[in-house]
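What follows is one structure encoded as structure tokens, with my remarks underneath.
The values are calculated or read from the model by the stated rules, or taken from the named source; none is laboratory data. Quantities reported herein were computed from a predicted structural model and do not represent experimental measurements. Cβ sites come from the backbone with ideal geometry, for glycine too, and all protein chains shown count toward neighbours.
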Amino acid sequence: MKHERYLPLIAVGTVLIMLSPDLAMASVESSLAAVQSKLIDVVLPLVGIIGLCFAACSFFVGNPNARNHLFLAMVGAAVGFGAPSIIAFIRGVVN
């Protein structure tokens, strides 16, 4: 079947069509607030933890770039876990 490679695209299109009434009735502010809350509360800390795990595995394997990986993972985790505070600070400065 030569059309099997289009199956994921068709599935994503079907889901988008099914969600379009919900998206059409939502305001832009509420949609952006929901995306922001999910990004800050779930995605950024998760990416920070995954980065730290990758850096630890790199360190245990003996990769010569392990120290660099660990530094970047720590900076990423600090930004990920500190994102709510950073956003609150910027909102306070702007307002």
Output for the range 53-65, where each listed residue is surrounded by 15 or more Cβ atoms within 10 Å (Cβ to Cβ) and either in contact (Cβ under 8 Å) with a residue 24 or more places away in the chain or aliphatic (A, V, I, L, M) (or both): Ala55
Subset of the range 27-52 that is in contact with a Leu (Cβ under 9 Å, 6 or more places away or on another chain) and modelled with pLDDT of 85 or more - its residue that is surrounded by the most Cβ atoms within 10 Å (Cβ to Cβ): Gly51
Take the range 53-69 and flag every residue that is among the aliphatic types (A, V, I, L, M) and touching a Leu at 6+ places or on another chain (Cβ under 8 Å). Ala55, Ala56
